[in-house]
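Chemist: Handing you this structure, nothing more for now.
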Amino acid sequence: MPLIRNPILPGFNPDPSVIRVGEDYYIATSTFEWFPGVQIHHSRDLVHWQVITHPLSRTSQLDMTGNPDSGGVWAPCLSYHEGTYYLVYTDVKSHMGPFKDTHNYVVTAQDIRGPWSEPVYLNSSGFDPSLFHEEDGSKWVVNLTWDHRKGRNPFGGIVIQEYSEERKELVGPIRKIFDGTSLGLTEGPHIYRANGYYYLLTAEGGTRLGHAATVARAKTLFGPYEADPSGPLLTSRDQPELALQKAGHACLLETPQDGLYIVHLCGRPLRPSGSCTLGRETAIQKCEWTEDGWLALAGGGSAPEVLVEGPQVEEHIFEEEPETEHFTGGAFSIHLHSLRGPVTEDWATVNERPGFLRVYGRESLYSKHKQSLIARRQQSFGAEAETALEFAPESYQQMAGLVYYYNTNNYYYLFLSRDEQAGLSVGIMSSSRGVYDEPLAAPVSTQGWTRCHLKAVIDHESLQFYYSKDAVEWQPVGGTLDAATISDENAEWVKDGFALDQGFTGAFLGICVQDLSGRRLHADFDYFTYRETGHITDKDKENT
């Protein structure tokens, strides 16, 4: 039998929702503040996957201007019924403190690649909405309800309400169907029907090291739901030796050969620091029904495995995508994203200078409104990013270059700017938990250069920047930097018992331009390369 190696979707690809349509498998994952919203991946063998579309590609579907870091699209649910694809999702406008402003919507399409419809508003009572298609044709939305009241469990239980496709709204009574188990933090609900039962698959324990997937069942849709007495279906909690940590938030899949699998969220912390520099990823596990009708991992126990038996089907390998984006016109690489809104001609264009991407400077890297930043996920512990730009800044307020980015509080930036002493020069700025720094003692002069090549080399927890005039002879800029700054663990921090920030995304590498004077000076980028180094080190072996 073929073997599947986890994670199947490496790098920032959390909260997977999986479906099968014929012989095709599709997984939707969360994108949070990155635009376009929701990544959909395609496979025919469960081994090889390719990103094929982003359904939320218009601001009429998703306007995240001003959304907080790790806000935006949470836990989309993809489903298919009678020729129509359905996607429900949350647009999170706030998530720190006692309140969460979480607006839930549904969009539809006749083709998985779109076009996808304008959104229909559902509710704002909580997050992680899921759509269940009943055999009689009725449709039901289930979601976590959020309880802000003092002294209450904020994860207030799973509720269900009917969705009227004709009226395009939720109708009828709201029923609470599950309070969760003692693990707490019950969220991410999905309902399935099998063996004469309704099965409720939920995420519990929080999306960190205590994460889990639990199963409950009932004879009727509205319950009462009884939790599996044997405990979680899946978890890596209290098992620090496992390569796949944070296991939970699962979704069930049946193959044409009657094989059962779950796809689930996971993280791969580097040893010994425990930092998940690649964010939360997606893995898969083989399952089976027990004699008494509960869902169980096929290998026994509840721990996620790195190698999993795949279905006996013909291998389906996708054509490798190019490492370099040359900006020669047409659509950008599907892997490139912007922050909180689309790339539009008014700030990034390939039409004004053929063969180059011209990017106009806007707000700072701390902004949650108008950043001129285009980047892609880091998906390997060893990776390089490279670009070449032509830029003529007139002051220190104008910058352009290469960014290693987690969110507005956590980043490294190798940039070209103008300094009163050094003239045209290369500098580095950094931010860790919102604390700004400039690691270089002084900027490095590039006075007289018409073009500057910039490179970032990442090896697990080390980051080294380089610059060059010709892309042949490279010179390091500064010393080795701590890449673990760009991780979930550094982004999340607590002071005096209060959470000051949350981190649900992952590391991105990209290009950006700022003009803090407001004059919108532009930089021209010739190319952007993302390359996975691919070499296996002792650290890699420890993490598999």
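FYI, it's all coordinate maths here, none of it is from the lab. Remember, it's a predicted structure, so these values are computed and weren't measured experimentally. Backbone-built Cβ (ideal geometry, glycine too); neighbour counts: all protein chains shown.
Chemist: Across the chain, where is the longest run that never hits chymotrypsin sites (Phe, Trp or Tyr not before Pro) in a DSSP loop with at most 14 other C-beta atoms within 10 Å? Provide the component values of the computation, followed by the final result.
Modeler: Working: sites that count: 99, 222, 318, 366.
Looking at the chain, 367-544 is the longest stretch - no exposed chymotrypsin sites (Phe, Trp or Tyr not before Pro) with at most 14 other Cβ atoms within 10 Å.
Chemist: Can you tell me the length gained on complete extension of the stretch residue 451 to residue 52, counting 0.36 nm per residue apart and subtracting the Cα distance? Intermediate results must be reported in sequence, preceding the final value.
Modeler: Numbers: separation 399, 0.36 × 399 = 143.64 nm, distance 3.43 nm.
That works out to 140.2 nm of additional length.
Chemist: Please compute the length gained on full extension between residue 471 and residue 334, using 0.36 nm multiplied by the number of residues separating them and subtracting their Cα-Cα distance. Display every interim value, and only then the final one.
Modeler: Details: separation 137, 0.36 × 137 = 49.32 nm, distance 2.57 nm.
46.7 nm is the gain from fully extending residue 471 to residue 334.
Chemist: Looking at region 401-453, which trypsin sites (Lys or Arg not before Pro) are in a loop (DSSP not H, G, I, E or B) and have at most 16 other Cβ atoms within 10 Å?
Modeler: For trypsin sites (Lys or Arg not before Pro) across region 401-453 that sit outside H, G, I, E and B with at most 16 neighbouring Cβ atoms in 10 Å, the list reads 433, 451.
Chemist: What are the residues whose amide H is under 5 Å from the amide H of residue 277, where those residues sit 5 or more places off or on another chain and H is modelled from the backbone?
Modeler: Counting only residues 5 or more places away or on other chains, the set is 270.
Chemist: Test of the criteria: in region 205-314, which GluC sites (Glu not before Pro) are in a DSSP loop and have at most 14 other Cβ atoms within 10 angstrom of their Cβ? Numbers along the way, then the final one.
Modeler: Details: sites: 226, 241, 254, 281, 288, 291, 305, 309, 314; in loops: 241, 291, 305, 314.
Of the GluC sites (Glu not before Pro), the ones in loops of region 205-314 whose Cβ has at most 14 other Cβ atoms within 10 Å are 241, 291, 314.
Chemist: If I take the Cα coordinates of region 3-309 and project them onto the principal axes, what are the three extents in Å, biggest first?
Modeler: Result for region 3-309: principal-axis Cα extents of 48, 48, 41 Å.
Chemist: Taking a spot 7 Å from the Cα of residue 273 along the direction of its beta carbon, which residues of region 220-258 have an amide N less than 15 Å from it?
Modeler: Inside the label zone: nothing.
Chemist: May I pose another question? Net charge near residue 168, counting Lys/Arg +1 and Asp/Glu -1 over other residues with Cβ under 12 Å of its Cβ? Please list the in-between numbers first.
Modeler: Details: positive: 139, 167; negative: 118, 165, 166, 169.
Local charge sum for residue 168: -2.
Chemist: Then there is this: For a Förster distance of 45 Å, can you work out the FRET efficiency between the beta-carbons of residue 316 and residue 121, rounded to the nearest 0.05?
Modeler: 0.75
Chemist: Also: Which entries in the list 100/246; 93/176; 455/495 go over 29 Å, if you measure between the two C-alpha atoms of each? Show your work: numbers first, answer last.
Modeler: Values: 100/246 23 Å; 93/176 24 Å; 455/495 35 Å.
Over 29 Å apart, Cα to Cα: 455/495.
Chemist: Which residues in region 393-428 place their backbone N less than 17 Å from a point set 7 Å from the Cα of residue 493 along the Cα-to-Cβ direction?
Modeler: 405-413
Chemist: Hey, another quick one. Would you mind estimating how fast the chain diffuses translationally, via Stokes-Einstein at 20 °C and 1.002 mPa s with the Kirkwood radius over Cα pairs, in µm²/s? Each step should come with its number before you reach the end.
Modeler: On the way: Rh = 24.1 Å.
D, rounded to a whole number, is 89 µm²/s.
Chemist: Report the paramagnetic label zone for residue 533: residues of region 454-476 whose backbone N is under 20 Å from a point 7 Å from Cα along the Cα-to-Cβ axis.
Modeler: It comes to 454-468, 471-476, nothing else.
Chemist: If you filter region 153-230 for trypsin sites (Lys or Arg not before Pro), then keep DSSP loop positions with at most 10 other Cβ within 10 Å, what is left?
Modeler: Numbers: sites: 167, 168, 175, 176, 193, 208, 217, 219; in loops: 167, 168, 208, 219.
Hits after loop and neighbour filter: 167.
Chemist: Quick check: residue separation of residue 147 and residue 168 times 0.36 nm, minus the Cα distance between them. What number comes out in nm? Can you show the working numbers first?
Modeler: Numbers: separation 21, 0.36 × 21 = 7.56 nm, distance 2.62 nm.
Separation in residues times 0.36 nm, less the Cα-Cα distance, equals 4.9 nm.
Chemist: Which of the listed residues, 148, 306, 255, is farthest toward the dipole's positive end in region 3-309, when Lys, Arg count +1 and Asp, Glu count -1 at the beta-carbon?
Modeler: Among 148, 306, 255, the one farthest towards the positive end of the dipole of region 3-309 is 148.
Chemist: For region 266-282, in order, what is each residue's ³J(HN,Hα) by Karplus, 6.51 cos²θ - 1.76 cosθ + 1.60 with θ = phi - 60°, in whole Hz (x at glycine and Pro)?
Modeler: 7, x, 10, x, 6, 9, x, 5, x, 7, 9, 5, 9, x, 9, 10, 10
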